[in-house]
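K.L.:
The following block contains the structure, expressed as structure tokens.
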Amino acid sequence: MTQPTGGFAALGIHPSVLAAITMAGYEEPSPIQAQAIPEILAGHDMIGQAQTGTGKTAAFALPILSRIDPARREPQALVLAPTRELALQVATAFENYSTQLPGVSVVAIYGGAPMSLQLRQLRQGAQIIVATPGRLVDHLGRNEALLSTIRHLVLDEADEMLKLGFMEDLEVIFQAMPETRQSLLFSATLPHSIREIAEKHLREPRHVKIAAKTQTVARIEQAHLLIHADQKVPAVLRLLEVEDFDALIAFVRTKQATLDLASALEAKGYRVAALNGDIAQNQRERVIDSLKDGRLDIVVATDVAARGIDVPRITHVLNVDMPYDPESYVHRIGRTGRAGREGRALLLVTPRERRMLQVIERVTGQKVAEVRLPDSRQVLDARIRKLTTALKPLAECAAETHGELCQQLMGSLDCSADQLAMALLARLTQGQAMTLAELEQEQPLVPDASARERSRSEGRERRAPMPVLEGRVRCRTPLGTRDGIAARNLLGAILNEGGLARDAIGRIQVRDSFSLVELPEDGLDRLLGRLKDTRVGGKQLKLRRYREG
């Protein structure tokens, strides 16, 4: 299947939707977007096989928004997601892409949120529903005709939905929609159960598959930092203080981000330039030449603008924004470690992007170690080290070349040699903080996301377990958040291996070093026997009855 050329404009997207993504600074469609969008706009059912982080949300959101009728105040599109977090993420994406479509409204429907608010948004005529299956079935119990006007259905991360035991709910939802709808199924894998759904509910679907063809990159030291999105600029500034780089390329997602970050770095005295799709070819060549010959040290670029950059003196790649897919990550970090040199690649990861980090590690087969954001002491030591390096060659010959001038200045200023040295140092450092107290006032310590998560998890460790519901027993597993485990992982494993119905499992409380799961008291020993060899995330579940106190 050939990919359209000419960016998003060549894909046939509605002009207002195109205007919204252009304002957001998106330049080129990812492979899944380039292949899927024309098929969806043409009205075909489709199976999209792609990993998380490949841009699949935009692959279905942009064409669906292009076909929404804002004048019809009724549900027209339904996106089903396995978790509350993904439902919120998808709903936010639809809202961002529809900013230039007046009258289009999005509602997110998921458990744990007030039903009354969701009902009000539905009554107000939201055209797009993003929902988890369980809560949507609850709404159908109140209003059987809720989905009777749906024209577009998306099953996002269908394999995850089945792992979580939503098959029965999906069948209820399928029956509540018109058979004439367009159905789109996105899944990282296509096990037999997914193929059965496709055969039963999709009509002659087109198949779009994005293969993971990423290879590991040798000679590049990789690390990541957990950081919150609003901390990125101060985090970058702090990292650049301590990283010993010759030349560096920083990757961001949008044109505007290249300008914003380059401006922030320039204000701090760095020799920096932005590269994005709006930069003319001759100017782009001047930027790259300047990076090669040392007139520039940092380039802030989008993926498209950085294609083909081959500058041996690039020692560092800083991924300020998470790439869309693992292949883009490898392309990015391949800008360093050239010509047999060592390279270093740093990746800023927000809490909601940790899953994409796991995908990158799995596809590349290489662990990306976590490092901490430099503290004030490390920044101060780096400043003193750089100052020492700059002064050392001057100090060796200063007595011969500037001795007379030094005496003249001390006489004119009526000051001692120490006072003159301090005045010159202040001028040389341009008012930059050179003590710990001054530094913390000038550049407050930015706490990293991992520290916040540790603090929260410690609070969860101390919190007493909630009361057990009648007819259930609390069980404990030594797996927790530090093992990369989420509640849905435990739920899926117990459903698949234990043979239980979804409503048989009660609350799941995931903490740092262990998790608590409420299971049926009747037949518990038999159930634990069936689960004794179960593994989650490669580690044994080891589920045991929990004895409090």
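The values are calculated or read from the model by the stated rules, or taken from the named source; none is laboratory data. Just so we're clear, the structure is a prediction, and the values are computed from it rather than from any experiment. Here the Cβ positions follow ideal geometry from the backbone for every residue, glycine too, while neighbour counts run over all protein chains shown.
K.L.:
Quick check: anything in the stretch 249-270 surrounded by fewer than 16 Cβ atoms within 10 Å (Cβ to Cβ), touching an Asp or Glu at 6+ places or on another chain (Cβ under 6 Å) and not polar (S, T, N, Q)?
P.N.:
Checked the stretch 249-270: no residue is surrounded by fewer than 16 Cβ atoms within 10 Å (Cβ to Cβ), touching an Asp or Glu at 6+ places or on another chain (Cβ under 6 Å) and not polar (S, T, N, Q).
K.L.:
Show the residue pairs meeting these rules: Cβ distance below 9 Å; 6+ apart or different chains; first residue within the stretch 176-188 and in the same structural domain as SER148 (by TED's automatic domain parsing) and more than 12 Å from THR149 (Cα to Cα); second residue β-branched (Val, Ile, Thr) and part of a loop (DSSP other than H, G, I, E, B).
P.N.:
Matching pairs, first to second residue: ALA188/THR52.
K.L.:
What number goes with the only condition from (1) buried (at least 19 other Cβ atoms within 10 Å of the Cβ); (2) in contact (Cβ under 8 Å) with a residue 60 or more places away in the chain; (3) closer than 17 Å to ARG344 by Cβ that VAL242 does not pass?
P.N.:
Just one mismatch for VAL242, condition (1).
K.L.:
What do you reckon, is ASP522 more than 28 Å from the chain's Cα centre (by Cα), among the charged types (D, E, K, R), modelled with pLDDT of 80 or more and under 26 Å from GLU168 (Cβ atoms)?
P.N.:
Answer is yes for this residue.
K.L.:
When you go through (1) crowded, with 22+ Cβ neighbours inside 10 Å; (2) assigned to a loop (DSSP other than H, G, I, E, B) one by one for LYS367, which number turns out not to apply?
P.N.:
It fails just one condition, (1).
K.L.:
Exactly one condition in (1) in a helix (DSSP H, G or I); (2) farther than 20 Å from VAL236 by Cα; (3) touching a residue at least 24 places away in the same chain (Cβ under 8 Å) is false for LEU291; which is it?
P.N.:
(2)
K.L.:
Select, from ALA36, ALA10, ALA58, ALA91, the only residue that is among the small types (Gly, Ala, Ser) and surrounded by fewer than 16 Cβ atoms within 10 Å (Cβ to Cβ).
P.N.:
Matching residue, one of ALA36, ALA10, ALA58, ALA91: ALA10.
K.L.:
Check off (1) more than 26 Å from LEU373 (Cβ to Cβ); (2) surrounded by fewer than 21 Cβ atoms within 10 Å (Cβ to Cβ) for ALA229 and give me the number that stays unchecked.
P.N.:
Exception for ALA229: condition (1).
K.L.:
Out of all the residues in the stretch 187-207, is one or more of a type in the set (Ser, Thr, Tyr), over 24 Å from GLY141 (Cα atoms) and part of a helix (DSSP H, G or I)?
P.N.:
Taking every residue of the stretch 187-207 in turn, at least one turns out to be of a type in the set (Ser, Thr, Tyr), over 24 Å from GLY141 (Cα atoms) and part of a helix (DSSP H, G or I).
K.L.:
Would you confirm, using the coordinates I've provided, whether SER187 is at pLDDT below 95, small (Gly, Ala, Ser) and farther than 22 Å from MET115 by Cα?
P.N.:
It is true that SER187 is at pLDDT below 95, small (Gly, Ala, Ser) and farther than 22 Å from MET115 by Cα.
K.L.:
Let me ask you something else. Is one or more of the residues making up the stretch 213-226 part of a loop (DSSP other than H, G, I, E, B), surrounded by 18 or more Cβ atoms within 10 Å (Cβ to Cβ), at pLDDT below 90 and among the small types (Gly, Ala, Ser)?
P.N.:
no
K.L.:
Working only within the stretch 71-119, note down all residues that are in a helix (DSSP H, G or I) and of a type in the set (A, V, I, L, M).
P.N.:
Matches in the stretch 71-119: LEU86, ALA87, LEU88, VAL90, ALA91, ALA93, MET115, LEU117, LEU119.
K.L.:
All but one of (1) in a helix (DSSP H, G or I); (2) in contact (Cβ under 8 Å) with a residue 12 or more places away in the chain hold for ARG286; state the number of the condition that does not hold.
P.N.:
With (1) in a helix (DSSP H, G or I); (2) in contact (Cβ under 8 Å) with a residue 12 or more places away in the chain applied to ARG286, the lone miss is (2).
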